[in-house]
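The structure appears right after this line, and notes come after that.
The values are calculated or read from the model by the stated rules, or taken from the named source; none is laboratory data. Just so you know, these numbers come straight off a predicted model, no measurement behind them. Neighbour counts are summed over all protein chains in view; Cβ atoms, including those assigned to glycine, are modelled from backbone coordinates with ideal geometry.
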Amino acid sequence: MTATVLVINSGSSSIKYQLVDPEGGQALASGLVERIGEAEGHIEHKAGGQVTERYERVSDHGEGLRQVLALFEEVGPDLAEAGIVAVGHRVVMGGSAYDGPVRIDDDVLGVIEELSPLAPLHNPANLTGIQVGRMLLPDVPHVAVFDTAFFRNLPDDAATYALDREVAEKFSVRRYGAHGTSHQYVSAKAAEMLGRDDLKQIVLHLGNGASASAVVGGRAVDTSMGLTPLEGLVMGTRTGDIDAAVVFHLARNGGMSVDEIDNLFNKRSGLKGLTGENDLREVHRLIDAGDENARVGLGVYTHRLRKYIGSYAAVMGGLDVLSFTAGVGENDDVVRAGAVKGLEFLGVEIDLEKNQVRSKEPRVISPDGARVTVMVIPTNEELAIARQAMSLL
Ligand code: ADP
């Protein structure tokens, strides 16, 4: 019988899930519960080519997960028959505590809770998902897979901010990174496809949130997200890198509170702030209609990508593979072309025809014989979480 893992990604008002066969890589079912706690919630369950949708109030995460388990019973697949052996939970912040997956017990729950000040929007929601998950599925082990784990052992040079040591230590200020599960999965996939384990790689995970990493021989040596997922690349609604003095300026001269600036930087900036749209498909539409702000916005976005590619090539002393992944990275050939423009001196080139192919398969888009292999590798965080959970059993 196949062994399967139920992967749960619990957000502040949503639960996303997938029942995964870690060996074969297929998802037997997937779905989400959203708008938890609002007047009308939405549940969508996909299994066996069938989509079941419900619109009704979902009072809390416990109720949401109960509904999901009921759907598994009603429409299938039956979890027991599908051979469920574990539940894998995505947890955003593992701080300095975890560099790999961990089987959840009360001590682990305590640590995830203690780390909440470093990820106040995410860890409490992840914790709720774990608590209701353990209550409703008590007979299988629950495993936490941390977004930060792949970056736990970054070299000190990359992980340390040039900040007063005492303050940094007292408040745990260092680079933790994020999207680690995706960076690890994509870099491992590239190594597997090229049959080499000594590669110098850059992974660009470009979704609504976006991050870059530098990976040498399977080990992360730098990443663009920092204490929180705000730092680094330009994102859908986040600034990415910005002079910290902008905060002082807006507080002192703009009369803005810390919470207002937090909201501005995280929710009203990035592509959204620059162009009015956070979705790149909309940004392209605006550019086609002659919108100047959208043109500049895309320019800021790709300029930042080139800057990171150059700096990570320098950090690693070379570059063998550059991979694009996530919603933008997998689908947007214009962004990919913009990201590598002018980088021929580094050996980075893409083949225009290959770049325009639309596919869900991992693929090479650099010309034959290019010094750097440029790839598009669809990420699969759920599969990676399922495999990591399995690895502990
Ligand atoms: P999340 O960070 O929410 O997981 P995803 O990885 O799903 O994000 O990426 C979502 C983003 O991907 C969208 O906001 C949009 O900008 C981009 N995107 C999705 N499809 C396309 C497409 N066909 N062309 C360009 N961009 C796309």
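In table form, for the structure just shown:
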{"quantity": "Subset tally (residues that are among the small types (Gly, Ala, Ser), within 16 Å of the ligand (Cβ to nearest atom) and crowded, with 24+ Cβ neighbours inside 10 Å) for the range 202-218", "calculated": "4"}
{"quantity": "Positions within the range 288-303 being under 16 Å from ARG336 (Cβ atoms) and within 15 Å of the ligand (Cβ to nearest atom), in sequence order", "calculated": "LEU298, TYR301, THR302"}
{"quantity": "Count of the range 145-183 residues which are outside any loop (DSSP other than H, G, I, E, B), of a type in the set (Gly, Ala, Ser) and either under 21 Å from LEU109 (Cα atoms) or under 21 Å from the mean Cα position of the chain (by Cα) (or both)", "calculated": "5"}
{"quantity": "Matching residues, the range 124-144, being of a type in the set (S, T, N, Q) and either surrounded by 22 or more Cβ atoms within 10 Å (Cβ to Cβ) or not in a helix (DSSP H, G or I) (or both)", "calculated": "ASN126"}
{"quantity": "Residue in the range 249-262 that is closer than 27 Å to GLY180 by Cβ and of a type in the set (Ser, Thr, Tyr) present", "calculated": "no"}
{"quantity": "Residue pairs meeting the criteria (Cβ under 6 Å; at least 6 apart or on separate chains; first modelled with pLDDT of 95 or more, in the range 23-40; second surrounded by 14 or more Cβ atoms within 10 Å (Cβ to Cβ) and among the basic types (Lys, Arg))", "calculated": "SER30/LYS46; GLY31/LYS46; LEU32/LYS16"}
{"quantity": "Residue check for VAL374: more than 16 Å from the ligand (Cβ to nearest atom), of a type outside the set (Gly, Ala, Ser), within 29 Å of ASP157 (Cβ to Cβ) and in contact with an Asp or Glu (Cβ under 6 Å, 6 or more places away or on another chain)", "calculated": "no"}
{"quantity": "Strands (runs of 3 or more DSSP E) within the range 1-105 that include 3 or more residues over 26 Å from the mean Cα position of the chain (by Cα)", "calculated": "50-56"}
{"quantity": "Residue within the range 249-259 that is polar (S, T, N, Q) and surrounded by fewer than 14 Cβ atoms within 10 Å (Cβ to Cβ) present", "calculated": "yes"}
{"quantity": "Of the criteria (1) small (Gly, Ala, Ser); (2) crowded, with 20+ Cβ neighbours inside 10 Å; (3) over 26 Å from ARG219 (Cα atoms); (4) within 14 Å of the ligand (Cβ to nearest atom), which one ALA326 fails", "calculated": "(3)"}
{"quantity": "Helices (runs of 4 or more DSSP H) contained in the range 256-337 and holding at least 3 residues in contact with a strand residue (DSSP E or B) (Cβ under 8 Å, 6 or more places away or on another chain), within 30 Å of LEU118 (Cα to Cα) and touching a residue at least 24 places away in the same chain (Cβ under 8 Å)", "calculated": "292-316, 326-331"}
